Amino acid sequence: VEYLEKYPELPEDPFSLDSLLDHPKERIVDKALGKLEALQEEGKLPKEKVPRSLEQRLKSIELTSTDPEAQARARLLRDKVRI
């Protein structure tokens, strides 16, 4: 959290963003999800460079998030990056 407060711009590294999807704070998960969505839309998230765990982390957000919008966003991104 301290790192993210000091450097609010998230990296364009899919592996770092993937690990942030497990963060206990929903605002951080939301930021990581947003950055992954942006990378995917910009063509910077090719399937061969997607972490293997990303699909499962997105599925976890679909199943456990209390925010229906986050669930829908995770589902849509998971469909786009499915390995």
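The values are calculated or read from the model by the stated rules, or taken from the named source; none is laboratory data. Note that this is a predicted model, so its numbers are computed, not measured. Note that we place each Cβ from the backbone using ideal geometry, even for glycine, and neighbour counts take in every protein chain shown. The area values use the complete protein model at the heavy-atom level, side chains included, leaving out ligands, DNA and RNA. Shrake-Rupley method; radii C 1.70, N 1.55, O 1.52, S 1.80 Å.
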Fill in the blank from the handout: Within the stretch 32-53, residues of a type in the set (Lys, Arg) and more than 14 Å from Ser19 (Cα to Cα) come out as Lys44, Lys47, Lys49
Handout entry: Test result for Glu48, in contact with a Lys or Arg (Cβ under 9 Å, 6 or more places away or on another chain) and more than 23 Å from Pro8 (Cα to Cα)
Key = no
Fill in the blank from the handout: When (1) surrounded by 11 or more Cβ atoms within 10 Å (Cβ to Cβ); (2) out of contact with any Asp or Glu (no Cβ under 6 Å at 6 or more places or on another chain) are applied to Tyr3, the one that fails is (1)
Practice task
Report, ordered by the first and then the second residue, all pairs with beta carbons closer than 6 Å, sequence separation of six or more or different chains, a first member in the stretch 54-65 that is more than 12 Å from Leu20 (Cα to Cα), and a second member that is open to solvent by 70 Å² or more (accessible area, probe 1.4 Å).
Solution key: Glu62/Arg75
Completion exercise
Output for Cβ contacts, cut-off 7 Å, separation at least six or different chains, first residue open to solvent by less than 30 Å² (accessible area, probe 1.4 Å) in the stretch 19-34, second not in a helix (DSSP H, G or I) and not charged (D, E, K, R), reads Val29/Leu21; Val29/His23; Ala32/Leu10; Ala32/Leu21; Leu33/Leu21
Exercise for the section: Within the stretch 47-78, track down each residue that is modelled with pLDDT of 95 or more, open to solvent by 50 Å² or more (accessible area, probe 1.4 Å) and among the charged types (D, E, K, R). Expected result: Arg57, Lys59, Glu69, Arg75
